[in-house]
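Trainee: Got a structure for you, written out below as structure tokens; questions coming shortly.
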Amino acid sequence: MLEFWFNWIILPLDSMLRLSTPLVLCALAGMFSERAGVVNIALEGMLLAAAFAAAAAAYVSGSAWIGMLAAIGATIALSMLHGFATITHRGNQIVSGMAINILVTGATVILGRYWFDQGGQTPNLQGDARFESINWWGAEKVMDIPIVGPIYGEVLSGHSIVLYLAFALVPLSWFILFRTRFGLRLRAVGENPAAVDTAGISVIKMRYLALVVCGILTGIAGSYLSTGGNVAQFIPNMSAGKGYIALAALIFGKWRPVPAMFGCFLFGLLEAYAIRLQGVEILGIGSIPVQFIEMVPYVLTVVLLAGFIGQSRAPKAVGIPYVKERE
Amino acid sequence: MSQQRIPAWINYAVIPVLNVLAAFLVSALVFIYIGVSPIDAAKVMWQGAFGYSEGWGYTLYYTTGFIFTGLAVAVAFSAQLFNIGGEGQAYLGGLGVTFVSLWFGNALPAIIMIPLVIIAAGVFGAGWAYIPAYLQAKRGSHIVITTIMFNLISNSLIGYILLQVLKPAASMASESAILPESSWIPRMHEVLSVVGIDVTPTPWNLSFVFALLCCVFVWLFLWHTRWGYEIRAYGANASASAYAGVSSVKIVLLAMILSGMLSGFFALNMISGDVHQLKLNYVAGFGFTGIAVALMGRNHPVGIVLASLLFGFLYQGGAELAFEFPGVDSKIIVVLQGLIILFSGALEYMFKPSVEKLYLSLTRSRSNNDEEAQNA
Amino acid sequence: AKFAPAVIYDQAGKNDKSFNEAVYKDGVLPFTADTGVKVREFEPQNEAQMEQGLRRLAQRGNSPIIAVGFTYASPVEKVAKEFPDIQFAIIDSVIDLPNVQSIVFAEHEGSFLVGALAAMKSKTGAVGFIGGMDIPLIRKFACGYVQGAKYVNPSISVFENMTGTTPAAWGDPAKGAELAKAQFSKGADVVYAAAGGTGIGVYQAAKDEGKYAIGVDSNQNYMQPGTMLTSMTKKVGYASYQSWKEAQDGTWKGGLKVMNLAADGVDWALDQYNKDLITDDMKAKMDAIEADIKSGKIKVYDYMTSNSCDIQ
Amino acid sequence: MTDSLAIELRGIDKRFGEVHANKYIDLKVNKGTIHGIVGENGAGKSTLMSIIYGFYQADAGDILIDGQVVHIKGSQDAIDAGIGMVHQHFMLVDNFTVLENVMLGTEGGMMLRQGMSKARTELQRLATDYGLDIDPDAIVEELPVGLQQRVEILKALYRGAKVLILDEPTGVLTPQETEHLFKILASLKARGTTVILITHKLREIMAATDHVSVMRRGEMVAHVDTANTNREELAELMVGRKVRFKVEREAHAPGKALLSVKDVVVREGGVDRLKNISFEVREGEILGVAGVSGNGQSELLEALSGIRPINGGVIELNGHQITAEHHMDPYQIRGIGVGHVPEDRHKMGLINKFDAQEAFILGYHRKAEYNHTFLQNKNAILKDCQEKMDTWDVRPADPCLKTANFSGGNQQKLVIAREVEQDPDVLLVGQPTRGVDIGAIEFIHKRIIDMRNAGKAVLLVSVELDEIMSLADRIIVMFDGNIVGEISSDQADEKTLGLMMANCTPDHLQQAGGNA
Ligand SMILES: Nc1ncnc2c1ncn2[C@@H]1O[C@H](COP(=O)(O)OP(=O)(O)OP(=O)(O)O)[C@@H](O)[C@H]1O
Ligand SMILES: Nc1ncnc2c1ncn2[C@@H]1O[C@H](COP(=O)(O)OP(=O)(O)OP(=O)(O)O)[C@@H](O)[C@H]1O
Ligand SMILES: [Mg+2]
Ligand SMILES: [Mg+2]
């Protein structure tokens, strides 16, 4: 019984936190962007770019923090490109996002190969070039206390600082969005940009600012992928669809930080279980083919989006370029 | 007051060309950075894609694929639906082709098989588009997200089918058996040799002609039938089309089914026309690139054919590039594609104001001169 | 055909740190260094370019052309028929044509060896296997590994996981790490990854949790010294080198070429990075097992013969 | 003289691409006055005001405030210069509270908390000073339009506007609300605020303003003191020719009922939008439906035309029955001889991207005469559209022009032509002249009367009481999804109707409504 509890509850929860960290950060990033009216399917590419920049810079400098700064720099640059296309030039936001995603897939490999000559990978990161996991005080000792012990010692303790940062950013994002001037204006600009404009606030500036925030958050997410989590180097295509999943979680969460985080948890948990369900014999069915386990998160996304979570209301102006004058 | 009009050729020729040039220019910088002369690279690509008959064959072969996926995106888009699911629908189309060919191919002659294969490709593609369409129409799920999810689901689904159902026991790779010959779509060099024209054998096959027929069909359907009228009306103004008695559910389903069907036809070119077996992940990004093709082609069949040719050129020229410059990572072509999508899709309006201003100032100064001449 | 060696990699590209890279580093580079003959290389960008690239190489008169990986089975079959004068070689697949050399490896034997070593090292009586994409070839690895582990310790538990079913499964280290962690939590203390780039995450996880990992294809011991117990090396580079060399010397023959333990096609790696992990006793036992396999005393069952792991 | 000017414009010029919206406009607005601006649709009024407010930037010209040239590069500059504007289309964030909307842009600090309490007190003060009561915590989209407009005014005042621009503020208001608005404007004026008022309703201009400026096709054509002019003169200045205000409508005996509605219920999101509505319309009769917008008129039109299924009751249209179980879609309903001019031509009546000829078959596109077996009969469509554009004097009479490029009045003519020319027995008309200038109004009104005289049944929904009173034979008034009364048009006057619209039905009328 105790073993079951540990293997099927505690460890999956532990995995879930790790797996959902990049999702949470990306979902928050998407929230800032979409709340300001800019659809951002470029999250996927930005995440990949950030992972690359973080690993590359961390390797060269030997510092994971410098890696994170570089990642943020890279994602802000891509954000600005997205902004330039969609805000300044009113281009189609989905297309711009796709272009960035494709561009980054190619560019990371080319640069990676050109710089490190390891087939697009960066060298493995050691020591300070990587965020080590932090063991909480007394984590080892409390493990024997029933229930709370493992939750404290296994689930909560033992992750890298980036993970804790990610979860600290959830309430912070909520606060910024709903309790500050910046948040008020941001939300307004995604609902009715003309109202913001006539209130004497620059719509363009607000949207760019939102994209900067979005860039910072995806930058952190990327640095988690390549320097703060399970892997200590960049691998081509390591974002593996996480940007899209984060967007789905954002929609589940109705564009709110805390519910979006729970959406990410759902995906993280599903993946954690999928990993553990492989090869497990289920009574009467036998073992489920890995392909079907793989499908679960996607099918669930479709099912949930099909209205079983209630209609979510997107920011009204999302996806629509702000055009004042017909040219 | 003289009102100036911007002629259409500026919008449909000058600006797209400028956009593509800008993309090439930026890629040239990337080439220089990694130490390859962009001029040499361009020469190799051009030569490889258009310089000899085999290059042409491959270019047109790729072009065919893009026409299908580009048309698919355009049809859905005329109803304001963003079908990102071309990838999965084309994959399913391939599954349909494979099933039908394997089941009946040994018993039936080509004259029956080929229409059957076409139907199978269309039906399977359409079926895979139907579910997201239904969910959008009836339950309001966001079609962009659902079609992305359906791409991922199709990967796993077909992965399973290939591995557990279709894979011949002896084979290691996840691919089906070679399809019976009666289901093969004839290659163009075979067809042309019948009429006495001699071209080098390439995968370029009759689906190219079918793709052009699809273009004509889409053009007629969208702009010259009442159903196309309803689709466009719904796309341009959903509440006005409701006022006109057009059922949104029917339109969403119709547009997506057509779109999925066209995506499914992609399998004709690649599977029935060339590789003759279903392989894991055989669509290889053509579905996604279809979005760029449709956008560059301004969602019009003629534009789509031209844009497909451009992407066909990129694919074929890119392969040649990788061949001639083994040191260059072949991913450079991916970068080039990304840049083209960026400049001609997302930044499509970037040059518009300045070009128009330039045009106006040129023509205005001319008309001023005329006036002065008259006054004098 | 005149001698003009060429190689066409699979879509992972020649710097995949694994399979293709072994062909490049242990085949192409030394061959050029030893003979001064340049080897033409091609990396296809997508599915369609595989056959096209192969045909293009043949048209240019390259020979022999080595196609890296079983994904080339159908293209090689087709193109080799079109160009009967050109010599082809395919790795990991069997094609019955006179101008094709089919180079297959006894991965089950190599995996048996590392399975045995894993069982010797395991203190918990549980070891793990993490495969990349779920395909018969990888099951072949798994099957050999299980046999080796059970040979040493019949009551050992072996956990098996595949990363996925699409080519993405070769490059998902984060998932690899989670899979490894899941296996560690179930008690495994040695994991064998036959998963391409995904393995990197497995090794990292092993390092982070103080467990052991086994690399694959090329010698990966250097990647996490102290954690990498060994690597199952599959000498694709060596095989390619040989194939070109034979052609140069005029001894090249089509047909099946089995690179098993006896032919030095597979092995387990022992070098400065893992010598501290292997006791003399273990080394001695391994030598004995190796000898028994070569002599046929130990018969390692090949998954491919029945498409299932019919052991016991 | 100059120091008495609140705003002066010199040579303001503005183009939108090909459209020359404002042509070198001069304007002087005296301090502490109410200055009216009138002009046809598309004359450039909104554009000019938006330039003052910094929403658009002029291509040329100067703006002087208090005699000083100011450079207004954005709305913030205008706000700083003491200008406030209530836009024709409200600039509110729908899912925000009143308070948040008012604060937006002047939050007073990084954290919202600080500003909020200050804003609350300030709102309280404005409410008492000007009679602008409102619940600061109400969500804007849940407020009726009249109150939404009040939020807009409060926004301007909160920011300390000394000049308040109102762009067509009365279009959405009841007579009582309009009256209340003018009281507020008067009290603003009394406190020294300058008001610029744009409206199509000359009656309001005459009643409320001190000076009027008239625009025509982007030009400023006249400035007059209100005291020295009259409606006829203003109308002539606007249109460039004489306009008749009165519609001829000879007496006429109605025939049998072509449209009858019994206990119809329409529900949306659990709320009853129509609550057991019953009435009928007979041959040769115009039934007017009055009411403040948002009281069920839109739902009524949509239910009758088939856009919305009903949840209860029976609709009998030209001999066909429609019930909750037996729904007919808009296409089928057109097929039984019903025409429908929708309330909002942009939202429903037309498709901006389409050519006139394509828009002209909207809703009739499946008719045999417009189609071959598979393809459309483009020749027939073109020919028909050309003919109807000529007879209806749609300008320019070019079937290939994009609908978006017609002016509002001509777009409306196109829609009405389409519906009327199919010769329906029952015509449903919503807001036929909303935002349409006087010239076009005259024409459209005449056509509606022609339909009646030809023995058709016409249901006319309008918020313009003038329009209803001059066209309808009988008038029903809607409030909160109910019919609160019926009145014959000879008995109707603005005051009575206004009271009914606010659900203060005079006793003697309530009876009549119930039995209708
Ligand atoms: N944002 C815009 N982009 C392009 N053209 C515009 C824009 N706004 C207005 N116009 C054009 O400018 C002209 C003047 O429009 P404006 O809205 O100022 O007229 P108006 O007098 O306010 O009309 P109405 O009485 O209908 O409100 C119109 O012809 C219109 O086509
Ligand atoms: N924002 C806009 N975008 C496109 N066209 C516009 C816009 N605003 C006005 N127009 C065009 O300007 C011309 C006249 O506009 P006008 O304001 O008179 O229309 P309207 O019918 O009065 O609209 P409304 O009263 O609903 O604002 C028409 O060609 C109209 O389509
Ligand atoms: Mg206006
Ligand atoms: Mg208007």
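Trainee: With respect to the numbered conditions (1) surrounded by 21 or more Cβ atoms within 10 Å (Cβ to Cβ); (2) modelled with pLDDT of 90 or more, which one is the sole condition not fulfilled by D:Ala235?
Mentor: Looking at each condition in turn, D:Ala235 falls short on (2).
Trainee: Exactly one of (1) open to solvent by less than 10 Å² (accessible area, probe 1.4 Å); (2) modelled with pLDDT under 95 is unmet by C:Ala168. Its number?
Mentor: (1)
Trainee: Any idea which of D:Val281, D:Val314, D:Val338 is within 12 Å of chain B (Cβ to nearest Cβ) and in contact (Cβ under 8 Å) with a residue 24 or more places away in the chain?
Mentor: None of the other options fit; the residue is D:Val338.
Trainee: Out of curiosity, is A:Met143 surrounded by fewer than 21 Cβ atoms within 10 Å (Cβ to Cβ) and either within 14 Å of chain C (Cβ to nearest Cβ) or at pLDDT 85 or above (or both)?
Mentor: The answer is yes for A:Met143.
Trainee: Being over 19 Å from D:Gly294 (Cβ atoms) and more than 16 Å from ligand 2 (Cβ to nearest atom) narrows it down to one residue among D:Leu123, D:Leu143; which is it?
Mentor: After applying the criteria, what remains is D:Leu123.
Trainee: Looking only at segment D:13-33, how many residues end up being away from ligand 1 (no atom under 12 Å from the Cβ) and either open to solvent by less than 10 Å² (accessible area, probe 1.4 Å) or within 14 Å of chain B (Cβ to nearest Cβ) (or both)?
Mentor: 4
Trainee: Return a yes/no flag: does segment B:327-337 have any residue that is hydroxyl-bearing (Ser, Thr, Tyr) and either open to solvent by less than 10 Å² (accessible area, probe 1.4 Å) or facing chain A (nearest Cβ under 8 Å) (or both).
Mentor: The answer is no, given that none of the residues of segment B:327-337 is hydroxyl-bearing (Ser, Thr, Tyr) and either open to solvent by less than 10 Å² (accessible area, probe 1.4 Å) or facing chain A (nearest Cβ under 8 Å) (or both).
Trainee: Which count do you get for residues in segment C:93-130 that are within 14 Å of chain B (Cβ to nearest Cβ), surrounded by fewer than 24 Cβ atoms within 10 Å (Cβ to Cβ) and of a type in the set (D, E, K, R)?
Mentor: Number of matching residues: 1.
Rundown of residues vs (1) under 21 Å from D:Asp225 (Cα atoms); (2) near ligand 1 (Cβ under 8 Å from one of its atoms); (3) of a type in the set (Val, Ile, Thr), yes/no style:
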position: D:Asn41; (1), (2), (3): no, yes, no
position: D:Ser50; (1), (2), (3): no, yes, no
position: D:Phe55; (1), (2), (3): no, no, no
position: D:Ala58; (1), (2), (3): no, no, no
position: D:Val70; (1), (2), (3): no, no, yes
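Trainee: Next up: Can you pull out the residues in segment A:85-107 that are open to solvent by 20 Å² or more (accessible area, probe 1.4 Å), facing chain B (nearest Cβ under 8 Å) and part of a helix (DSSP H, G or I)?
Mentor: A:Ile94, A:Ile102, A:Leu103, A:Thr105, A:Ala107
Trainee: Sticking with this structure for a sec: Considering only segment B:298-356, state which residues are assigned to a loop (DSSP other than H, G, I, E, B) and aromatic (Phe, Trp, Tyr).
Mentor: Scanning segment B:298-356 gives B:Phe325, B:Tyr349, B:Phe351.
Trainee: Another question, if that's okay. Take D:Leu459 and decide whether it is closer than 27 Å to D:Leu202 by Cα, more than 14 Å from every other protein chain (Cβ to nearest Cβ) and more than 16 Å from ligand 1 (Cβ to nearest atom).
Mentor: Yes; evaluated as a whole, the condition is true for this residue.
Trainee: Moving to a separate point now. Step by step: first the residues of segment C:36-52, then only those that are open to solvent by 40 Å² or more (accessible area, probe 1.4 Å) and not charged (D, E, K, R), then the one that is nearest to the other protein chains (Cβ to nearest Cβ). Which residue is that?
Mentor: Going through the qualifying residues, I end up with C:Gln45.
Trainee: Turning to a different aspect of this structure: In segment C:143-165, what count of residues is obtained for those that are open to solvent by 10 Å² or more (accessible area, probe 1.4 Å) and assigned to a helix (DSSP H, G or I)?
Mentor: 5
Trainee: Suppose the filter is facing another protein chain (nearest Cβ under 7 Å) and within 15 Å of ligand 1 (Cβ to nearest atom); does D:Met111 pass it?
Mentor: Answer is no for this residue.
Trainee: To continue, here is another question. So D:Asp398 passes all but one of these: (1) part of a loop (DSSP other than H, G, I, E, B); (2) within 18 Å of the chain's Cα centre (by Cα); (3) among the charged types (D, E, K, R). Which condition number does it fail?
Mentor: (2)
Trainee: Counting only residues that are more than 19 Å from D:Asn371 (Cβ to Cβ), give me the helices (runs of 4 or more DSSP H) lying completely in segment B:160-248 with at least 3 of them.
Mentor: B:188-194, B:207-224, B:238-243
Trainee: So D:Glu100 clears everything in (1) of a type outside the set (A, V, I, L, M, F, W, C); (2) more than 16 Å from ligand 3 (Cβ to nearest atom); (3) more than 14 Å from chain A (Cβ to nearest Cβ) except one condition, right? Which one?
Mentor: Result: D:Glu100 passes all but (3).
Trainee: Same structure again: If the requirement is being of a type outside the set (Gly, Ala, Ser), open to solvent by 20 Å² or more (accessible area, probe 1.4 Å) and within 16 Å of ligand 3 (Cβ to nearest atom), which of these qualifies: D:Lys201, D:Lys162, D:Lys183, D:Lys189?
Mentor: Sole residue among the options that is of a type outside the set (Gly, Ala, Ser), open to solvent by 20 Å² or more (accessible area, probe 1.4 Å) and within 16 Å of ligand 3 (Cβ to nearest atom): D:Lys201.
Trainee: List the strands (runs of 3 or more DSSP E) that sit entirely inside segment D:13-89 and contain at least 2 residues that are in contact with a helix residue (DSSP H, G or I) (Cβ under 7 Å, 6 or more places away or on another chain), closer than 28 Å to D:Leu154 by Cβ and within 15 Å of ligand 2 (Cβ to nearest atom).
Mentor: So the answer is D:34-39.
Trainee: Do we have C:Ser218 as within 13 Å of the chain's Cα centre (by Cα), open to solvent by less than 50 Å² (accessible area, probe 1.4 Å) and within 14 Å of chain A (Cβ to nearest Cβ) here?
Mentor: The answer is yes for C:Ser218.
Trainee: Let me ask another. Would it be correct to say that D:Glu387 is away from ligand 3 (no atom under 16 Å from the Cβ), in contact with a strand residue (DSSP E or B) (Cβ under 6 Å, 6 or more places away or on another chain) and part of a helix (DSSP H, G or I)?
Mentor: When the stated conditions are applied, D:Glu387 does not pass them.
The values are calculated or read from the model by the stated rules, or taken from the named source; none is laboratory data. All figures in this text were calculated on a predicted structure; none of them were measured in a lab. All Cβ positions, glycine included, derive from the backbone under ideal geometry; neighbour counts span all protein chains shown. With ligands, DNA and RNA removed, areas are computed over all heavy atoms of the protein, side chains included. Shrake-Rupley method; radii C 1.70, N 1.55, O 1.52, S 1.80 Å.
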